[in-house]
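Notes follow the structure.
The values are calculated or read from the model by the stated rules, or taken from the named source; none is laboratory data. Since the structure is predicted, the reported quantities are computational estimates derived from the model, not experimental observations. Here Cβ is always computed from backbone atoms with ideal geometry, including for glycine, and neighbour counts include all displayed protein chains.
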Amino acid sequence: MAVRIIIGAQWGDEGKGKIVDLLSAETDYVVRYQGGANAGHTLKFDDKTIVLHLIPSGMFNGDSKCIIGNGVVIDPIALVKEIKEVEELVDIDLKERLYISDSAHVILPYHKVLDQVKEKSRGSDAIGTTGRGIGPAYVSKVSRIGIRMGDLLNEEALEEKIRKNLADINNALKHVYGEPELDADNMIKELKSATDSIKGYICNTTQILHEAIEEKKPILLEGAQGSLLDVDHGTYPYVTSSSPTAGGACTGSGVPPLAITHSLGITKAYCTRVGNGPFPTELDDDAGEKLRKNGQEFGATTGRPRRCGWLDLIALKYAVRLNGMNELALTKLDVLDDFKTIKVCTQYELDGKKINHFPSDTEDVERLKPIYKSFPGWESVTRDISSFDDLPENARTYIKFIEEFIGVKFTIVSTGPKRNETIVR
């Protein structure tokens, strides 16, 4: 039995969806354990492309059961739309494959409005959220006024909770933000329509997973975003509202820590970041624009252009230690195919002193100056290569240096977005 966590080792957008899709062929359960519809996992297979926001990425390769865990915040209306998109794309009966935790919290329209007006009020200090209500939904959760998926099955109690919450929220919208109040009746009506479509999927998923562990069935735990966006360990406050790290995998699924056998970190061959916040190796030059163009670095959910830079090995080592990663996957190697010179950050300079660790203070991270090691590029196409030994020598040298620096091997090397554009070592 293997219980493997798939974790982003950077600021998200590392290609986790592709790796989950690849590994799901030999997995019985794939569990999304945190985040919401702000995450977009792009999958390409059989000349088809789909972006999943809530449904786990194991739906299309094999017949694994896909679970949306208790740590996820769910927009029921967005989920209904996504279910329809999946069923239209491929011949899959989701009623036999999809399970939704009754303990997962619900994103309601007032969460989206709060997200947008709060971001607007921050002005130049905006975090760069997607405005999809993720943060406010987690605020409701920890404030103990949240509505859970199981609550959708009790109409009378649900309506009472919504009206009670909305009374406070409308007061804030009107008197604090100067925004129009929201109508409870319309909100309840829309939610009921969505609930009718998804109520058959709602169940106790933690119990399902505990039984799977007892039966020694293989499980994949799929994270969204990346380690450097973790609400506790990332570049706070420019972070997501949940824990994409290994600890979040356990709390967001109900799988106990001692059941975990593998922690697989996903990293690009370079770095990207969406939204605001420090990014030590960011490039504002032709090389950065070339990375963006070659890698098609635009948000799968928002379409926003991603900030691009060289691979940061100090930050990567921090993520490896933070998550206990014992294996790595390298994605988008092909994006570097036509670079004459490639750089990686191997050290920082902070206020005139050289350091070898990723600071916990975001203001310190803002002041970091990267120290680079340069490598000659391979200047040849890697997309059709299926064996590590067949990669260009300079590509193998680049990869081996990263492995030696980090202390963890790459078990997977991705050379393109499609499932078959992958080297498994």
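Per the listing ARG163, ARG122, the residue uniquely outside the structural domain of ASN38 (by TED's automatic domain parsing), basic (Lys, Arg) and in contact with a helix residue (DSSP H, G or I) (Cβ under 8 Å, 6 or more places away or on another chain) is ARG163.
Scanning the stretch 352-395 for residues that are farther than 30 Å from ASP334 by Cβ and charged (D, E, K, R) gives LYS353, LYS354, ASP361, GLU363, ASP364, GLU366, ARG367. The single condition among (1) farther than 21 Å from LEU54 by Cβ; (2) outside the structural domain of ASN70 (by TED's automatic domain parsing) that ASP196 does not meet is (1). In the stretch 186-201, the residues that are within 14 Å of LEU158 (Cα to Cα) form Cβ pairs under 8 Å with partners that are surrounded by 14 or more Cβ atoms within 10 Å (Cβ to Cβ) and charged (D, E, K, R), at six or more places apart or across chains, as follows: ILE188/GLU159.
Taken over the stretch 71-99, the criterion of being closer than 19 Å to CYS250 by Cβ and surrounded by 24 or more Cβ atoms within 10 Å (Cβ to Cβ) is satisfied by GLY71, VAL72, VAL73.
Across the stretch 299-330, the number of residues qualifying as in contact with a helix residue (DSSP H, G or I) (Cβ under 7 Å, 6 or more places away or on another chain) and polar (S, T, N, Q) comes to 1. The conditions of being assigned by TED's automatic domain parsing to the domain that holds ASP115, at pLDDT 95 or above and among the hydrophobic types (A, V, I, L, M, F, W, C) are met by ILE147.
Is at least one residue of the stretch 296-304 under 28 Å from ARG367 (Cβ atoms), at pLDDT 95 or above and in the same structural domain as GLY377 (by TED's automatic domain parsing)? No, there is no match, as no residue in the stretch 296-304 is under 28 Å from ARG367 (Cβ atoms), at pLDDT 95 or above and in the same structural domain as GLY377 (by TED's automatic domain parsing). Among the residues of the stretch 383-425, the ones that are assigned to a loop (DSSP other than H, G, I, E, B) and not charged (D, E, K, R) come to 11 in all.
Yes or no: PRO180 surrounded by fewer than 21 Cβ atoms within 10 Å (Cβ to Cβ) and at negative phi?
yes
Summed over the stretch 383-402, residues that are within 22 Å of VAL20 (Cβ to Cβ) and either in contact with a helix residue (DSSP H, G or I) (Cβ under 6 Å, 6 or more places away or on another chain) or without any contact (Cβ under 8 Å) to a residue 12 or more places away in the chain (or both) total 1.
If you go through the stretch 19-49 and keep only what is within 12 Å of the chain's Cα centre (by Cα) and buried (at least 24 other Cβ atoms within 10 Å of the Cβ), you end up with VAL20, ARG32, TYR33, GLN34, GLY35, GLY36, ALA37, ASN38, ALA39, HIS41. The residues of the stretch 50-64 that are free of Cβ contacts under 8 Å to residues at least 60 places away in the same chain, within 20 Å of ALA104 (Cα to Cα) and more than 14 Å from the chain's Cα centre (by Cα) amount to a single one, MET59.
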